[in-house]
Each structure stands twice: as structure tokens, then as C-alpha cells.
Amino acid sequence: MSELRGKLRHIGWLKGGLALLLPLLLLTGCARISATIQGYSPADPEAPIQVQAGEPVTVSVTVANTGNRARAFLVEAKVFNVMNVEVQKFSTRMDPPLAPQEARSVSWTFVPDTEGPYFLQFYVYKDEGALLAQAPELPERLIVVAAPAETPTVAAKFEPGERVRVMENLNVRQGPSIAQPEVEDPDYPGYMPTGSLGNVIEGPVQADGYTWWKVEFDRGVTGWCVEDGIESLDVLLGRK
């Protein structure tokens, strides 16, 4: 009888041990899939990135695997306009898969085409539709596209038909560029002499760092010359 009681007691110990080991075995054998967003850029809604329309902006997010299995997470970024309308979505499957406790960054290039604020939000999915993490909690204004700067209008120095005077010996060219050859004319001795008069007939043209005007000179030579070499006759005579 005592021997039987001993066997029964031994069986009881085995059952108790198995009861304790089974949850532990189940726990260590289960896959835990989780992830977190460690950071993203741009990130400061108080100091959003300022760009011009058409200027590329790098958008990035850093994802950490907080689970116990390697996983090829699906990472997304969405861009919204001021009306909360999605204007662009970026999506990347992490390959190779992210190992447990590993962190990795994913980046994209966003090129805004309209001025105004843009709002961003980032997402990490186990699979399509199975959200694991998102940041910020709500889309935040992280990019601001400024209106293009207005180019100031500069009044032209001369008007068509205006009389001008050569202020110093001046090259006259066949086109508005220093790469253009000088005019070929028997009345052109390699330069237009100081004091020569003529009429402006075309211009201005900006090229090679100069402003060019086409002038028909009284001696019969016509061509392009730089603005700095001529002056309005009306200005010289005090009439303008």
C-alpha cells in the first residue's frame, strides 16, 4: 500500500510540474509582432520646413521592431493639404525584414506643387490594414510651401526710337551676346567711335551678364551693343 501511495505522489508531482511548464512553453513559443515609430522628419510643427513650390522635401520615419520575430513591416507616409485631403501616399515594405530590437529608417521625396501648408502622418502595419503604430496621433503641419517671390519690375532704360549717344568706343555685334561676331560693314572700323549717334530699335535683351540694345547708328551701321556704352541724348541734354 505504501508503495502505491508513493507512485501516486510521484505522478502528482509530474502533473504539477507540467502544469507549471506548459504556460511557459506556450509563452516562449508564441510569436509577438509589434513595432513602434521612434522618430520622423520633418518633425516640428512649430518650425515646419519652408520650401518653394517644386522644391523636393525628404520625408523619413524610423521604425523599431519591438516584437520577438523578424518582420517585413509595411511602412507608409501620407501627406494632406489644408483641407485634410490626401495629396500623396508613400508606401514601402521593409526588405530585408526588420529583426527583433532592430531599428531602421525609410525615406521618400515629396515635391509639393502648390503653395500652402502640408500635414504629415506616418504608419506601420503588420499587414495591409493591420495597423501597429502611427505618429503623430493626428496629422501635423510639417511643411509650408511659400508663394514664389515676386521679381521686381525694372523700367527699361530706353524706349523704341529713342536717340542715344556712344559714351566710349563701343563694339557693335550681330546679336545680343559677347559670343556673337561684330557687325561687318564698311562704315564700321572695328568699334563705334565715342560721340556716335543713333536710334534704339530693339531691346532690351539680358545675356552674358549684360543688357543689350539694338541701335541703328546715323553712319549706317546697325547692331547690338551693351547698355553701359550708350546714353540717352535727352538725358545728356537735360530734357529727360
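All of the numbers you see were taken from the coordinates with simple rules; none came from a lab. Note that the structure is a prediction, hence the values are computed from the model and not measured. Don't worry about glycine lacking a Cβ; one is built from the backbone with ideal geometry, like all the others, and counts go over all protein chains shown.
Some notes on this structure:
- With neighbours defined as other Cβ atoms within 10 Å of a residue's Cβ, the residues Met167, Met94 order from fewest to most as Met167, Met94.
- Shape of the chain, Cα gyration tensor, a/c cut at 1.5: prolate
- Taking a ≥ b ≥ c as the square roots of the eigenvalues of the Cα gyration tensor, an a/c ratio of 1.5 or more together with a/b no larger than b/c marks region 163-236 as oblate.
- Computed from the Cβ-Cβ distance with R0 of 41 Å, the FRET efficiency linking Ala155 to Asn84 stands at 0.35.
- Highest average packing first - 73-86, 180-193, Cβ atoms within 10 Å: 73-86, 180-193
- With a Cα cut-off of under 16 Å and a minimum spacing of 8 residues unless on different chains, the lysine pairs in the chain number 4.
- Whole-number percent relative contact order across region 24-83, with pairs defined as alpha carbons under 8 Å at least 6 apart: 43 percent
- Potential lengthening between Glu128 and Glu46 on full extension [0.36 nm per residue; Cα-Cα distance subtracted]: 26.3 nm
- Normalised contact order of region 163-236, rounded percent, pairs of Cα under 8 Å and 6 or more residues apart: 39 percent
- Nearest-ten-degree value, helix 2-29 long axis tilted from longest Cα axis of the chain: 10 degrees
- Note on Glu115 and Arg163: their simple-model spin labels are 4.6 nm apart, each label 7 Å out from Cα toward Cβ.
- Inter-label distance, Ile201 to Ile33: 7.9 nm, where each label sits 7 Å from its Cα along the C-beta direction.
- The alpha carbons of region 48-122 stretch over 44, 21, 18 Å along the principal axes, in descending order.
- Shape class of region 107-179 from the Cα gyration tensor (axes a ≥ b ≥ c, square roots of the eigenvalues): prolate, since a/c reaches 1.5 or more and a/b is larger than b/c.
- Coupling constants for region 53-62 follow from the phi torsions by the Karplus curve (6.51 cos²θ - 1.76 cosθ + 1.60, θ = phi - 60°), and in residue order they are 4, x, 8, x, 10, 7, 10, 9, 9, 10 Hz; glycine and proline get x.
- For Gln121, the amide hydrogen comes within under 5 Å of the amide hydrogens of Lys78, counting only partners 5 or more places away or on other chains and with H modelled in the peptide plane.
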